[in-house]
1. With respect to E144, is the statement that it is over 30 Å from K34 (Cβ atoms), in a helix (DSSP H, G or I) and either of a type in the set (G, A, S) or at pLDDT 95 or above (or both) true?
2. Pick out the one residue from N195, N190 that is modelled with pLDDT of 80 or more, more than 21 Å from C85 (Cβ to Cβ) and part of a loop (DSSP other than H, G, I, E, B).
3. Are there any pairs with C-beta distances below 8 angstrom linking a residue in the range 184-200 that is of a type in the set (D, E) to a residue that is surrounded by fewer than 18 Cβ atoms within 10 Å (Cβ to Cβ), with the two at least 6 apart or on different chains, and if so which?
4. Against the definition (surrounded by 23 or more Cβ atoms within 10 Å (Cβ to Cβ), in contact (Cβ under 8 Å) with a residue 60 or more places away in the chain and not small (G, A, S)), how does L90 come out, yes or no?
5. For a quick check of your reading of the model, give me the residue pairs whose first member lies in the range 206-219 and is surrounded by fewer than 16 Cβ atoms within 10 Å (Cβ to Cβ) and part of a helix (DSSP H, G or I), whose second is modelled with pLDDT of 70 or more and of a type in the set (S, T, N, Q), with beta-carbon atoms closer than 9 Å and at least 6 apart or on different chains.
6. What residue, among those in the range 70-98 that are assigned to a loop (DSSP other than H, G, I, E, B) and of a type in the set (D, E, K, R), is nearest to Y176 (Cα to Cα)?
7. For the range 169-183, name all the residues that are surrounded by fewer than 20 Cβ atoms within 10 Å (Cβ to Cβ), modelled with pLDDT of 95 or more and assigned to a loop (DSSP other than H, G, I, E, B).
8. Name the residues in the range 68-119 that are touching a strand residue (DSSP E or B) at 6+ places or on another chain (Cβ under 9 Å), closer than 21 Å to L21 by Cα and small (G, A, S), would you?
Amino acid sequence: MENLQPRQPRRIMLWAHQRSLSTAFELSLASRQKTKVFHELYTMAYYYGDERTFENKIASVPGYTFKNAIELLEADYPGKDVIFCKDMALCLDGKYDRLAKGYIHTFLIRDPRQSIASVCKARKVVNAPLLTFPPTGGVKQVYELHNYVTSTLNQQSIIIDASDLANQPEKIIRKYCEAVEIPYCDSYLNWKPNNIGHWPAIWTNTLLRVYFESAVESTHFKPTLNKDNPVDMSDLPHHAQLQVQAALPYYSELFEKRLKP
């Protein structure tokens, strides 16, 4: 049963950092048919587009620019009363004039002792060094964007934490839906796997499924992210431990402002 809300369509951005449960949350909200969902348009422009500032050896993917991302997000989608996009805050590259107009900006965070450990585990599979990863695992960029949204755009602070989401998903998602004024659906707790028809094709190749396979095949949130039992830091490479220590102050401040169960 849906509790329909006024002022449609609602346009929502979810900004996160890597390994923060953001893909599972995206696929949860994508289970609702009247919601138009986008997957990491800014990330595509940042890593793979013609304007990319991140150096890699992969050929650019036509059609993915920051201008294109804005145009897609600001377009009309008849029959859709919610437009939702999940993306990585670091991929704005600090240029907030790239934000699409008309959006409520929300944030998803995860304890960097868990998120950076998860990055290490994933990158080990493909032998990708963590040294090229942002110094705080992208947490600082989430913190800075949140400050811009609340102080310059004067929007409400809407933050959810991955541990809360995993362990008490119904409470957290209901509070999130209430905060952004979008319908709550029971399918947000139980969705069909492999619902990635809205993803850019490059995300579905073998390399990137190393990062997303668990989320793509999921059907519900699993209570496995216990904030009170963080990863043993001694198991992490030294440079990863330094990144965790750099990220913790930003995370802790955001955590205090989160929507509580």
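The values are calculated or read from the model by the stated rules, or taken from the named source; none is laboratory data. All figures in this text were calculated on a predicted structure; none of them were measured in a lab. No Cβ is skipped: glycine too gets one built from the backbone with ideal geometry, and neighbour counts run over all protein chains shown.
1. Values: over 30 Å from K34 (Cβ atoms): yes; in a helix (DSSP H, G or I): yes; either of a type in the set (G, A, S) or at pLDDT 95 or above (or both): yes.
In short, yes.
2. N190
3. D186/M1
4. Yes; evaluated as a whole, the condition is true for this residue.
5. The qualifying pairs are S214/T23.
6. The qualifying residue nearest to Y176 (Cα to Cα) is D81.
7. E181
8. Passing the criteria: A89, S115.
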